[in-house]
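Chemist: Shown below is the structure under consideration.
The values are calculated or read from the model by the stated rules, or taken from the named source; none is laboratory data. Bear in mind that the values here come from a model prediction, so they are computed numbers and not experimental data. Backbone-built Cβ (ideal geometry, glycine too); neighbour counts: all protein chains shown. These area figures cover heavy atoms from the full protein model, side chains too; ligands, DNA and RNA do not enter into them. Shrake-Rupley method; radii C 1.70, N 1.55, O 1.52, S 1.80 Å.
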Amino acid sequence: MTAKQDTKKKGRHGNVTGKALNLVWARSAGRCQLDGCNEDLTRHLAIGSRRANKGYVAHIIGSSADGPRGDPERSKELAKDPDNVMLLCDGCHREIDREHPDAYPEARLHDMKRRHEAWVSRAVGLKPDSQSHILRFTNRIEANETAIPLDDCVLAMQAIGKTPASIHAIDLKIGVSGHNETDDVYWAAEPGDLQNFFNRKFEGYFNTGKVRHLSVFGFGPMPLLMKLGQLLPDLHDIDVFTRHREPTPSWCWKDGAPTFQPYCTEGAAKSNRVAIKLSVTDRISDERVQSAIGEDDLSIWEITCNRPGYDVLSTREDLSDFRTVVRSTFNRIRQCHGEAVEISVFPAAPGSCLESGGNSPAASSGHGDLGLIKPRGQG
């Protein structure tokens, strides 16, 4: 049912008009309200041509009793009610009214309308000081190219009260052509390339003072994520996000109470070398550490939790708890081993643990030996 159709058609009780129609467009932000679409429907408004109309005001309870989801009494009662219509594109309008009307009962459409309008309200209600620049760091993992969709970043930011300061992300994407992280050439070049690329990319952003906050999304080999963490601490306020696998893949932090409960297990005192295992997504055996750097004069410390796993770090409070344990662990290492002790970091942890600026283990040590265990899969 659309604003363009003849409202005098037999059985029809009319369409929303005037202020009610304006309300529908305003609440939807001029975008299709069917789940998964969100198409911009304002083009014909900008060019002033009704022939280019892209927006259809579709009834949930049909304005005719014989129409989709029609009702002898409610069709007449709700025909001009703005709460009974959705703004849809042409394809979605045909989908709910002609092609698969039985798949879109009243309750489902009302739920889509409610969630879309709530999302619009949150997005436009954010204040200017909520603006944040998106930083995406991606790098080839084994033979695979990685990508982080911009829409995923925006959704994750909005969930914590942030909105993009620019329609363009700041992208750091590096990789040695023809090589991956199993090659010595890769590790000889990548950390330095990341440092140089970071300096060049950010010089224009931060020297101007226009960037006040960063939202960081990183996907790459763990040592490079830790290197990024070393580069970030002296910059502006930062929020770091991690990719969750369950219940569906998402970069959004989950709501609820923290459940991570990290803790530190201390190693032997009075050693000249320290290895820290970050056993967050999986356990790391002492034998693996010793095979990489030897066992002579070595103290092995571990930051872990009761049940390591990929989604064990699910809330922002979990990340905060991790940072607290990291800080206290490095304070204890300095007390036990002195300021000049050599520290090697062995990570099995989400990217957010490694990128957390001055709170990352690599940045905190100042001289951590990165990449001693070749990474496998996502950081």
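Chemist: Output ³J(HN,Hα) for the stretch 162-167: one whole-Hz value per residue in order, computed from phi by the Karplus curve 6.51 cos²θ - 1.76 cosθ + 1.60 with θ = phi - 60°, and x for Gly and Pro.
Modeler: 10, 9, x, 7, 8, 6
Chemist: With r defined as the distance between the Cβ atoms of Gln261 and Ser130 and R0 fixed at 35 Å, what FRET efficiency is calculated, to the nearest 0.05?
Modeler: Once rounded, the FRET efficiency stands at 0.70.
Chemist: Ordered by packing density, taken as the mean number of other Cβ atoms within 10 Å over each peptide's residues, highest first, how do 87-99, 214-226, 252-264 rank?
Modeler: My ranking of the peptides, most packed first, is 214-226, 87-99, 252-264.
Chemist: Taking the Cα-to-Cβ direction at Glu106 and at Arg74 and moving 7 Å from each Cα, how far apart do the two end points lie in nm?
Modeler: 0.0
Chemist: Explain nothing, just the number: dipole magnitude of the stretch 266-366 about its Cα centre with +1 on each Lys and Arg Cβ and -1 on each Asp and Glu Cβ, in debye rounded to the nearest 20.
Modeler: For the stretch 266-366, the charge dipole is close to 220 debye.
Chemist: Another question, then. Compute the length gained on full extension between Ala123 and Glu99: take 0.36 nm times their separation in residues and subtract their Cα-Cα distance, giving the result in nm to one decimal.
Modeler: The Ala123-Glu99 span can extend by a further 5.4 nm.
Chemist: Quick check for you: with a 1.4 Å probe and neighbouring chains kept, what is the accessible area per residue of the stretch 203-356, in Å²?
Modeler: 46
Chemist: Counting only protein heavy atoms, what percent of the accessible surface of the stretch 231-278 is carbon or sulfur at a 1.4 Å probe?
Modeler: 46
Chemist: With respect to the cross-link table entries Lys227/Lys277; Lys201/Lys277; Lys162/Lys277; Lys19/Lys54; Lys19/Lys76, which display a Cα-Cα separation exceeding 22 Å?
Modeler: Pairs exceeding the cut-off: Lys201/Lys277; Lys162/Lys277.
Chemist: Contour minus end-to-end for Glu317 and Arg115, with contour as 0.36 nm per residue of separation and end-to-end as the Cα-Cα distance?
Modeler: Using 0.36 nm per residue and subtracting the Cα-Cα distance, I get 70.1 nm.
Chemist: Under a point spin-label approximation (7 Å from Cα along Cα-to-Cβ), what is the Arg283-Ala189 distance to one decimal in nm?
Modeler: 3.9
Chemist: Taking H placed 1.01 Å from N in the peptide plane, check which residues at least 5 places from Asn139 or on another chain put their amide H under 5 Å from its amide H.
Modeler: Excluding prolines and chain starts, which carry no amide H, the hits are Thr146, Phe219.
Chemist: Something else now. Whole-Hz ³J(HN,Hα) for each residue in the stretch 324-338, computed from phi via Karplus 6.51 cos²θ - 1.76 cosθ + 1.60 with θ = phi - 60°, x for glycine and proline: what do you get?
Modeler: 4, 5, 4, 4, 5, 5, 5, 5, 5, 4, 5, 5, 7, 10, x
Chemist: Which one, Leu313, Val341, Thr329, projects farthest toward the positive side of the charge dipole computed for the stretch 193-348 from Cβ point charges (K/R +1, D/E -1)?
Modeler: Positive-most Cα among the choices belongs to Leu313.
Chemist: Follow-up question, since we're still on this one. Skipping prolines and chain starts, which residues have an amide H placed within reach, meaning under 5 Å, of the one on Ile134, given they are 5 or more residues away or on another chain?
Modeler: Under 5 Å from the amide H of Ile134 lie the amide H atoms of Ala165, Ser166, Ile170, Ser215, each far enough along the sequence or on another chain.
Chemist: For Arg273, what residues show an amide H to amide H distance below 5 Å, using hydrogens built from the backbone and excluding near sequence neighbours?
Modeler: Distant-sequence amide H within range of Arg273: Ser299.
Chemist: Can you give me the distance in nm between label points at Ala20 and Arg327, each placed 7 Å from the Cα along the Cα-to-Cβ direction?
Modeler: 5.7
Chemist: From the phi of every residue in the stretch 62-75, what ³J(HN,Hα) in whole Hz does the Karplus formula 6.51 cos²θ - 1.76 cosθ + 1.60 yield, where θ is phi - 60° and glycine or proline is x?
Modeler: x, 6, 10, 4, 8, x, x, 6, x, 8, x, 9, 6, 4
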